[in-house]
Amino acid sequence: MEDIRSDVAAATVKVRGYQSDIDKVGLGVLVEGGYLVTAAHCLEYDNDTGARITLGEHVFYEIETAWGEKLNVAPVFIESISDIAVLGPLDRYSYDEEWTAAYEAFLGRTRPVPLWDGRNAGPPSSPVPEEFGIHIRSHKKAWISGKATIGKAGQPYIWIKTEERIEGGTSGGPIINDSGQLVGVVTTAGGYLGMTNEGHAPLLRYALPAGIFREMCGTEP
């Protein structure tokens, strides 16, 4: 577990997704395919963001790696209901080579966190929701442990309850299981008085588009 935590810590980045508020910082985590998973509310976007990207406008966000490097990444998927977002490499034909090369260097030296594929979630007809251990990497570079419960099969979220309170700033941080697989990311930070120790989190297995999820699992493009 110590080695797993070390790898996850190295793959966890700060997400500075608000140009209008540079002090508003969340977290994200690197997974297979060169993607970063974070919480949608860690990013500044509006109803026109998708249209602007489609029309060719350059939309990007800044991240800071565990080594303190500041890199730029592009939005790939943002879904506000499940509060999940995916970031990825900039288009090398549209952005400066220095920017794209810096992100590629980060990918080359950082081990992506494997995704939990959901196969051990228990039978769909089980009357008792399955509970399993989780570990969250916080914005203070500490680990918070707890339990997660999956309810009805196919629902895009899990219910988490942690031993310590999750403070605002940990939003987008990785939630791994006891095997070191990424289950979801934190979306409950910033509750009552800026902290909470229970609530919903997106279950990546069902919250992400199937194609992106499979690519993150390394099973198919």
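We did not get these values from a lab; they are worked out from the coordinates using the rules stated. Since this is a predicted model, take the numbers as computed values, not measurements. Note: ideal-geometry Cβ built from the backbone for every residue, glycine included; neighbour counts use all protein chains shown.
Give me H58, H139 sorted ascending by neighbouring Cβ count inside 10 Å, so fewest comes first.
On the way: H58 12, H139 20.
Starting with the residue having the fewest Cβ neighbours, the order is H58, H139.
Between T149 and D46, how high is the FRET efficiency from 1/(1 + (r/R0)^6) when r is the Cβ-Cβ distance and R₀ = 45 Å? Nearest 0.05.
It comes out at approximately 0.85.
Every helix of 4 or more DSSP H residues in the chain counts as -39500 (n - 2.57), and over all residues that averages to -5000 deg cm²/dmol at 222 nm. As a rough footprinting exposure proxy, the listed residues S20, S171 were ranked by other beta carbons within 10 Å of their own, and the order from fewest upward is S20, S171. Mean separation of Cα pairs under 8 Å and 6+ residues apart, divided by the residue count of the chain: what relative contact order is that in percent? Result for the chain is 21 percent. Find out how many positive minus negative residues lie around A142, taking Lys and Arg as positive, Asp and Glu as negative, among other residues whose Cβ is under 13 Å from that of A142. My count for the surroundings of A142 gives +2.
The three principal axes of the C-alpha atoms in the chain carry coordinate ranges of 53, 37, 37 Å, sorted with the longest axis first.
Shape descriptor for segment 2-109: Rg over Rh equals 0.95 (Cα atoms; Rh from the Kirkwood inverse mean 1/r).
If R₀ is 35 angstrom, what is the calculated FRET efficiency for the pair A210 and R109, using the beta carbon separation as r and rounding to 0.05? Display every interim value, and only then the final one.
On the way: r = 30 Å, r/R0 = 0.85.
Once the sixth-power term is evaluated, E becomes 0.75.
K141 to K161: FRET efficiency via 1/(1 + (r/R0)^6), r the Cβ-Cβ distance, R0 22 Å, to the nearest 0.05? Numbers along the way, then the final one.
Values: r = 22 Å, r/R0 = 1.00.
So the FRET efficiency works out to roughly 0.50.
Pairs exceeding 25 Å between alpha-carbon atoms, taken from K24/K147; K70/K147; K14/K161: K24/K147; K70/K147. Of the residues D7, D48, the one with the fewest other Cβ atoms within 10 Å heads the list, and the complete ranking is D48, D7. Among residues other than T170 whose Cβ falls under 12 Å from its Cβ, what is the net charge (Lys/Arg +1, Asp/Glu -1)? Charge balance in the 12 Å sphere: +3.
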